[in-house]
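Taking it in order: structure first as structure tokens, then the write-up.
The values are calculated or read from the model by the stated rules, or taken from the named source; none is laboratory data. Owing to the predicted nature of the structure, the values given are computational and were not obtained by experimental measurement. Neighbour counts run over all protein chains shown; Cβ positions are idealised from the backbone, glycine included.
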Amino acid sequence: MTDHPRHWLTATLGEMGEIRLGRMLDRAKNRGELRRYLRNINVRWFGFDLSGLSSMRVPQEESEQLSVRDGDLFVCEGGEPGRCAVWRLGENDLVYQKALHRVRPEQGMVPEFLMYQLRHHADTGALSEAFTGTTIKHLTRQSLAGYEIGIAPTHEQKRIADKLDAVLARVDACRERLERVPDILKRFRQAVLAAAISGKLTEDW
């Protein structure tokens, strides 16, 4: 990578933590405790949509392997490959499906820092170079593990992630206000028309 400061290191995601693909649904091996699970559709950029969670049976010996913990980075394998979010919603009984990679960073790595870099690379098109497939794109475990990004010192990762959290929260708030503008303009237009038809608009002319 060449788009980061010189004092940062370059490393692969596989060197930064454990990457594990989720469990494949297999009715022939449908045994174990019934557990709710995360699907590709539940992972949005920077967050999770937990509405409509499905359930599957998970053998006891796989429960820990497929666990969901605070600080886990979930990356979509297909759909919109690379879309990702960090779990910060506390303790749970969830597992996750094969359409997702779980990146469990090593100590000293800030998962939000990894998440924001993946989003930047997705926006610039750099991440697409790691996809496989022609019509339907996928981000395989091998490709994700070998993907290189820049690594800042831990304290700098934390500062960058915290600053982006704050700035992007303001961006979201601005977007929500802008999304209300068409309704405001529509009501204003209706009010002006009503005033004109009733004669109030010109009664002082």
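Can you tell me which residue within the range 67-81, out of those that are touching a helix residue (DSSP H, G or I) at 6+ places or on another chain (Cβ under 6 Å) and crowded, with 20+ Cβ neighbours inside 10 Å, is nearest to M16 (Cα to Cα)?
If we take residues in the range 67-81 being touching a helix residue (DSSP H, G or I) at 6+ places or on another chain (Cβ under 6 Å) and crowded, with 20+ Cβ neighbours inside 10 Å, then L73 is nearest to M16 (Cα to Cα).
What is the residue count in the range 121-176 for residues that are loosely packed, with under 10 Cβ neighbours inside 10 Å and under 18 Å from G79 (Cα atoms)?
Qualifying residue count for the region: 5.
Scan the range 66-76 and give yes if some residue there is outside any loop (DSSP other than H, G, I, E, B) and among the hydroxyl-bearing types (S, T, Y), otherwise no. Walk me through it before giving the result.
Keep residues of the range 66-76 that are outside any loop (DSSP other than H, G, I, E, B), which gives 73-76.
Keeping just the survivors that are among the hydroxyl-bearing types (S, T, Y) gives none.
Scanning the range 66-76, I find no residue that is outside any loop (DSSP other than H, G, I, E, B) and among the hydroxyl-bearing types (S, T, Y), so the answer is no.
Taking the condition among the aromatic types (F, W, Y), surrounded by fewer than 20 Cβ atoms within 10 Å (Cβ to Cβ) and at pLDDT 95 or above, does W87 pass?
no
Tell me, please, whether a residue that is closer than 16 Å to W45 by Cβ, over 12 Å from the mean Cα position of the chain (by Cα), free of Cβ contacts under 8 Å to residues at least 60 places away in the same chain and in a helix (DSSP H, G or I) can be found in the range 125-143.
Yes, there is a match, as at least one residue in the range 125-143 is closer than 16 Å to W45 by Cβ, over 12 Å from the mean Cα position of the chain (by Cα), free of Cβ contacts under 8 Å to residues at least 60 places away in the same chain and in a helix (DSSP H, G or I).
Condition first: closer than 26 Å to Y116 by Cα and part of a strand (DSSP E or B). Now tell me which residues in the range 24-60 satisfy that.
Scanning the range 24-60 gives Y37, L38, V43, R44, G47, F48.
Looking at the range 124-162, which of its residues are among the basic types (K, R) and assigned by TED's automatic domain parsing to the domain that holds N40?
Once the filter is applied, which keeps residues that are among the basic types (K, R) and assigned by TED's automatic domain parsing to the domain that holds N40, the range 124-162 yields K137, R141.
Restricting attention to the range 51-66, report how many residues are surrounded by fewer than 17 Cβ atoms within 10 Å (Cβ to Cβ) and either within 16 Å of H138 (Cβ to Cβ) or in contact (Cβ under 8 Å) with a residue 12 or more places away in the chain (or both).
Looking only at that region, the number is 9.
For the range 82-102, which positions are part of a loop (DSSP other than H, G, I, E, B), in contact (Cβ under 8 Å) with a residue 60 or more places away in the chain and either touching a helix residue (DSSP H, G or I) at 6+ places or on another chain (Cβ under 7 Å) or outside the structural domain of R44 (by TED's automatic domain parsing) (or both)? It would help to see each step written out before you state the result.
Step one: list which residues in the range 82-102 are part of a loop (DSSP other than H, G, I, E, B), which gives 82-83, 87-94, 98-99.
The next check asks that each one be in contact (Cβ under 8 Å) with a residue 60 or more places away in the chain; those that pass are 98-99.
Correct list: A99 only.
Just wondering, is there one or more residues in the range 91-107 that are among the polar types (S, T, N, Q), over 30 Å from R36 (Cα atoms) and either at pLDDT 95 or above or over 17 Å from the mean Cα position of the chain (by Cα) (or both)?
no
Kindly establish whether I197 is modelled with pLDDT of 85 or more, assigned to a helix (DSSP H, G or I), out of contact with any Lys or Arg (no Cβ under 8 Å at 6 or more places or on another chain) and not assigned by TED's automatic domain parsing to the domain that holds K98.
no
Across the range 132-153, what is the total count of residues that are in contact with a helix residue (DSSP H, G or I) (Cβ under 7 Å, 6 or more places away or on another chain) and modelled with pLDDT of 95 or more?
The qualifying residues number 6.
Tell me which of these L21 doesn't satisfy, since it passes every other one: (1) modelled with pLDDT under 90; (2) surrounded by 13 or more Cβ atoms within 10 Å (Cβ to Cβ); (3) among the aliphatic types (A, V, I, L, M).
(1)
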